[in-house]
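Right, one structure below, let's go through it.
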Ligand code: TRP
């Protein structure tokens, strides 16, 4: 999929390859770890409703815009803006994306490392399950056991750091060695397996006693939760939508540059957005019924799935064997995402700064390594990094839609979307309206609200 060395640019080999790679980037910890806990903290159903509206009205247009920029320029985000808008400052948007990539990759790879810890622990738990007395424990006792384990793990220094470094090394290795025969091949098999496993989890979760409350929480919008903290909810829904779709920082500009000219960008974007949203909702369906059945607080925070899931597994015949499979697949889903973030930095370093891909990847890994270790030792830094996509990605997305809506000639956009007239673009007036007016205005407003609410959180006297 991605070029190996100098010389000719490589491209995705098939339509399915494009969707698999972009969906591989989109589907990851954002769907299974971040979505449930952010939705849980923000009241469930009402959050989900707003989230879905943002995906459709803002997310898909931004994704199509990134594809248009990347494929028409055939370059990394910085080079792409330099090429299509020469002599302007637009390439700074590409640079903002590269900076975001460092921050996101740092905390994301830390959480990806947690999957390795849980992978190892699930083997231990499976072997020692008799000795630990899992089967005699009540769900409360199990919940306490896994909460203590999570807290002990996070409070430690070495294990999180080691797993982070291992994950970083994997990611770098794949990006350096090219993706076509490795990750792309496996993701076509393993992503569907992950999906099947999630469905099995959903079945177990919704058939637990007391599961109904979780379904109500997730699907019945309770607007009083919005009234309590409207600004926080809307900005976090927007940030989560951007994060989950991998948009707003040039990942899909970079991937777009590897998409062949004949591919239909609109249908690719829609397919990816549908798959991504579907997986997030299914993850919610697996988590929330169990959360309520076990009496866990849905607003628990980042540890939500790491505590809830092991308790569900223990409630299934086969117990911790399921955990092993699940964390293996989750780890895989995370890697198809981390490589897409690292690829942004590597494409920029190698194309703009004339480095070899190997050198570019090594330099990126060392700097991200430093940031990531800061995240593992300081929960505060982790928190700041983890919250930063909520503002940084919409900011990038704002300029991307403004560029497509107001700067790039309309004919050029349409020509790119239609692959020189091969595909129909009957949706174009709607798309144009969304990128010109709806998306920029909505993002600007939400961004302002988001900044304001963060200021109030920092300096309460302002409110
Ligand atoms: N979307 C991925 C997830 O949900 C994370 C991710 C990959 C990402 N590439 C990105 C987020 C680019 C923002 C920007 O897990």
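The values are calculated or read from the model by the stated rules, or taken from the named source; none is laboratory data. What you see is a predicted model, and the numbers here were worked out from it, not measured in a lab. Positions of Cβ are generated from backbone atoms using ideal geometry, with glycine treated the same way; all protein chains shown enter the neighbour counts.
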Residue match in the stretch 288-305 (condition: assigned to a helix (DSSP H, G or I), in contact with a helix residue (DSSP H, G or I) (Cβ under 8 Å, 6 or more places away or on another chain), within 16 Å of the ligand (Cβ to nearest atom) and under 17 Å from residue 31 (Cα atoms)): yes
Residues located in the stretch 355-386, provided they are surrounded by fewer than 21 Cβ atoms within 10 Å (Cβ to Cβ), free of Cβ contacts under 8 Å to residues at least 40 places away in the same chain and part of a helix (DSSP H, G or I): 359, 363, 366, 370, 380, 381, 383, 384
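Quick grid of which residues meet (1) at pLDDT below 90; (2) farther than 30 Å from residue 143 by Cβ:
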site	(1), (2)
265	no, yes
274	no, yes
284	no, no
288	no, no
291	no, no
299	no, no
316	yes, no
321	yes, no
327	no, no
Test set (1) part of a loop (DSSP other than H, G, I, E, B); (2) more than 15 Å from the ligand (Cβ to nearest atom) - residue 247 fails condition number: (2)
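Every residue, every condition in (1) within 16 Å of the ligand (Cβ to nearest atom); (2) part of a helix (DSSP H, G or I), yes or no:
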{"site": "232", "(1), (2)": "no, yes"}
{"site": "238", "(1), (2)": "yes, yes"}
{"site": "254", "(1), (2)": "yes, yes"}
{"site": "261", "(1), (2)": "no, no"}
Failed item in (1) within 16 Å of the ligand (Cβ to nearest atom); (2) modelled with pLDDT under 95; (3) farther than 30 Å from residue 283 by Cβ, with residue 356 passing the rest: (1)
Helices (runs of 4 or more DSSP H) wholly inside the stretch 1-119 that include at least 2 residues being away from the ligand (no atom under 16 Å from the Cβ), within 19 Å of residue 401 (Cα to Cα) and in contact with a helix residue (DSSP H, G or I) (Cβ under 6 Å, 6 or more places away or on another chain): 60-73, 77-84
Pick from the stretch 422-442, criterion in contact (Cβ under 8 Å) with a residue 40 or more places away in the chain and part of a helix (DSSP H, G or I), ranking: surrounded by the most Cβ atoms within 10 Å (Cβ to Cβ): 439
Pairs where the first residue, in the stretch 325-354, is over 18 Å from residue 168 (Cβ atoms) and the second is away from the ligand (no atom under 14 Å from the Cβ) and modelled with pLDDT under 90, C-beta under 7 Å, 6+ apart: 325/197; 326/197; 329/190; 329/193; 329/197; 350/357
Test for residue 445: is it outside any loop (DSSP other than H, G, I, E, B), in contact (Cβ under 8 Å) with a residue 40 or more places away in the chain and within 26 Å of the chain's Cα centre (by Cα): no
Test set (1) closer than 21 Å to residue 59 by Cβ; (2) in contact with a helix residue (DSSP H, G or I) (Cβ under 7 Å, 6 or more places away or on another chain); (3) surrounded by fewer than 19 Cβ atoms within 10 Å (Cβ to Cβ) - residue 400 fails condition number: (3)
Selected residue (only one of 400, 335 is within 22 Å of the chain's Cα centre (by Cα) and at pLDDT 95 or above): 400
